Amino acid sequence: MKNISYIHSDMFNFLSLALSQKDLKKRSINDLCKFTIQQIKTISKKNIIFPTYNYNFTKTKNFDYFHDTSQVGSLSEYFRKLYKDNRSLVPVFSDCSNSKFLKKIKTKFPLGKNSVFEILKNNNSNIIFFGTKFAPSFIMHIEHC
């Protein structure tokens, strides 16, 4: 598989640069999410992955693939709802994609062999920081290797 972009995002930081305050106030959160996803699609590769991390598993020991929300931003939660059938099965560090390949990932360890990050590495993928500062996610995979 080729053409993968892993997206770290800060939608509100991006929107504050892309739209006027007047425009921001007129639009609903869903419209703003849709607009941001469209902008991401114009600069990313075909297959998009968003982190949809949910830290509640460490407390509850339960992971509901379809219903556990993303706790890393409004945009990743919006994306998760759009593609809820395409989420990885890793309880805390789940990812969601507009493609179905994440369901094939069987590992529960998010950094090692057969993880999303190994797929990114093996496919010469992009990691895009969209409106956000650097996040060291892939570096943790490199350190693990």
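Taking θ as phi - 60° and the Karplus parameters 6.51, -1.76 and 1.60, the scalar couplings of the range 122-133 work out to 6, 10, 6, 7, 9, 10, 10, 9, 9, x, 10, 7 Hz in sequence order, x denoting glycine and proline.
Shape descriptor for the chain: Rg over Rh equals 0.97 (Cα atoms; Rh from the Kirkwood inverse mean 1/r). F79 sits among other residues whose Cβ lies under 13 Å from its own Cβ, and their net charge, with Lys and Arg +1 and Asp and Glu -1, is +3.
A simple count of charges around I29, restricted to other residues whose Cβ falls under 13 Å of its Cβ and scoring Lys, Arg +1 and Asp, Glu -1, yields +3. The Cβ shell under 11 Å around N56 holds other residues with a net charge of 0, Lys and Arg each +1, Asp and Glu each -1. A simple rule links phi to the HN-Hα coupling: the Karplus curve 6.51 cos²θ - 1.76 cosθ + 1.60 with θ = phi - 60°, which for the range 108-121 gives 9, 9, x, 10, x, 4, 6, 8, 4, 5, 5, 4, 4, 4 Hz, with x for Gly and Pro.
Near the amide H of I49, within less than 5 Å, lie the amide hydrogens of S5, Y6, I7, all on another chain or at least 5 residues away, with H placed in the peptide plane. Would you please state the base-10 log of I(q)/I(0) at q = 0.17, 0.27 1/Å for the range 1-68, with intensities from the Debye formula using one equal scatterer on every alpha carbon? The calculated log intensity ratios at q = 0.17, 0.27 Å⁻¹ are -0.80, -1.14.
Using the Karplus relation 6.51 cos²θ - 1.76 cosθ + 1.60 with θ = phi - 60°, the per-residue 3J(HN,Hα) values for the range 37-44 come to 4, 4, 5, 5, 4, 6, 10, 9 Hz, with x marking Gly and Pro.
Size of the range 81-145: Rg and Dmax of its alpha carbons, in Å, are 11.9, 33. Treating r as the C-beta distance of R27 and T69 and R0 as 25 Å, the FRET efficiency rounds to 0.70.
Read-outs: derived from the displayed coordinates by stated rules, not from any lab. This is a predicted model, so every value here is computed, not measured. Backbone-built Cβ (ideal geometry, glycine too); neighbour counts: all protein chains shown.
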